[in-house]
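Reading through the structure tokens given below for one structure.
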Amino acid sequence: MNYKQTRMWDVDNWDGKEPSPPEIEEAGLCISRGEAVAFPTETVYGLGADARSDAAVEQIFAAKGRPGDNPLIVHIGERSQWQHLTSSVPDMAEQLADAFWPGPLTLIVPKNNAVSEKVTAGLSTVAVRMPEHPVARALINKAGVPVAAPSANRSGRPSPTKAEHVTYDLDGKIAGIVKGGGAGYGLESTVVDCTGEKAVVLRPGGITREQLTRVLGEENVAESAGLPQEEAPKAPGMKYRHYAPSSPLVLVEGSMHEAVKEAQREGKTVGIMAVDEHHADLQKYADVFIALGSKDELSDIAARLYDNLRLADQSRVDVIFCETFPKKGIGEAVMNRLEKAASAS
């Protein structure tokens, strides 16, 4: 479905403490009548539609250009609502929800028949999360339906952390955008499969592996073994091209000088994405330098990562070189996104 104009509802100044403004009620009404609306969460901006309706969910796939076997996460506004989506709630899922909901954690549990098959890509499981952002939860509750919501960008592009990113990718393709400031974590939620004997981390995100093991015990948290190419993914971000700028992205461990000089000898224009501490040393080698933030503040680097990937995309250089980070804590999620962006280039 194409729209002459995508509506913008500005609720930047609403902190969630007063009654929700009419803009949120209007946006919720759009979702309840089967339209797709983008909205802020504490991770990234999501593109939401009624998770029970095939026709509504199809609008998400059409607007994003998203493959049909890539399942969606269902967002709820209150903890009690997930009982209507699942046939059972494993004990480990209850423990993790107790510890981290509302927040950037998605739990995969057995589904029931309430959710559209298009949301779950025909799987016997459903991915559920309760966002922390007050605008997101108010919108879901006003809509009165469970809301399927992937990131609100064209598939393969860096995820949106600002309303203007959504406008750039999806203007005219969706009913509206709820503008509620920038996302906090800046990376999508951690996805944990709770349907087996152990909790399996399918996608790292805002809740770290270390936090999960403190709740469940290290022996009860397993790493995903990956996905054979022929199988349908069980969670978003496992199979398809993700997060990539248009120019090739090359990850560099250690010194970047030789890789940059080699590209320049080949006549290429070069972008460099590096921490603030390396700015003075590396800027002189780059046609475009993008400061990622301090190496001692990985959470800030995570929050700005997609914004910086979009800046790199706009630079139109021939190749982008980016530093790497230790895969510990939030660094695991940062490197997960960078490696996917690099492999897609």
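The values are calculated or read from the model by the stated rules, or taken from the named source; none is laboratory data. Since the structure is predicted, the reported quantities are computational estimates derived from the model, not experimental observations. Methodologically, a virtual Cβ is constructed for each residue, glycine included, from the backbone with ideal geometry; neighbour enumeration extends over all protein chains shown. The area values use the complete protein model at the heavy-atom level, side chains included, leaving out ligands, DNA and RNA. Shrake-Rupley method; radii C 1.70, N 1.55, O 1.52, S 1.80 Å.
To keep it simple, each residue is scored yes or no on (1) in contact (Cβ under 8 Å) with a residue 60 or more places away in the chain; (2) open to solvent by less than 10 Å² (accessible area, probe 1.4 Å); (3) farther than 30 Å from G329 by Cα; (4) not β-branched (V, I, T).
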residue	(1), (2), (3), (4)
S255	no, no, no, yes
V260	yes, yes, no, no
R265	no, no, yes, yes
V275	no, yes, no, no
D281	no, no, no, yes
F289	no, no, no, yes
E297	no, no, no, yes
R304	yes, no, no, yes
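Listed by first and then second residue, the pairs with beta-carbon distance under 6 Å, at least 6 apart or on different chains, first residue in the stretch 115-140 and more than 17 Å from V37 (Cβ to Cβ), second open to solvent by less than 10 Å² (accessible area, probe 1.4 Å) and among the polar types (S, T, N, Q), are V126/T120; A127/T106; R129/T106; R129/S189.
Being among the acidic types (D, E) and not in a strand (DSSP E or B) is the filter here, so list the residues in the stretch 179-203 that pass it. Across the stretch 179-203, the qualifying residues are E188, E197.
State which residue is modelled with the highest pLDDT when the search covers only the stretch 236-251 and only residues that are of a type in the set (A, V, I, L, M) and out of contact with any Ser or Thr (no Cβ under 7 Å at 6 or more places or on another chain). It comes out as V250. Out of A175, A152, one residue alone is under 20 Å from G77 (Cβ atoms) and within 13 Å of the chain's Cα centre (by Cα). It is A152. Among all residues of the stretch 9-16, there is at least one that is assigned to a strand (DSSP E or B) and over 30 Å from D193 (Cβ atoms). Note on the stretch 67-88: residues that are of a type outside the set (D, E, K, R), outside any helix (DSSP H, G or I) and open to solvent by 30 Å² or more (accessible area, probe 1.4 Å) total 4.
Here is a yes/no grid of residues against (1) of a type in the set (D, E, K, R); (2) more than 20 Å from A302 (Cβ to Cβ):
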residue: F100; (1), (2): no, no
residue: V115; (1), (2): no, yes
residue: G122; (1), (2): no, yes
residue: V128; (1), (2): no, yes
residue: P134; (1), (2): no, yes
residue: R137; (1), (2): yes, yes
residue: A143; (1), (2): no, yes
residue: N153; (1), (2): no, no
residue: D169; (1), (2): yes, yes
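Taking the stretch 103-114 as the range and being out of contact with any helix residue (DSSP H, G or I) (no Cβ under 7 Å at 6 or more places or on another chain) and in contact (Cβ under 8 Å) with a residue 24 or more places away in the chain as the test, the residues that pass are G103, P104, T106, I108, P110, N112. Here the condition is being among the hydrophobic types (A, V, I, L, M, F, W, C) and part of a helix (DSSP H, G or I); of A49, A93, A38, it holds for A93 alone. Tallying residues that are surrounded by 18 or more Cβ atoms within 10 Å (Cβ to Cβ) and assigned to a helix (DSSP H, G or I) within the stretch 312-334 yields 8.
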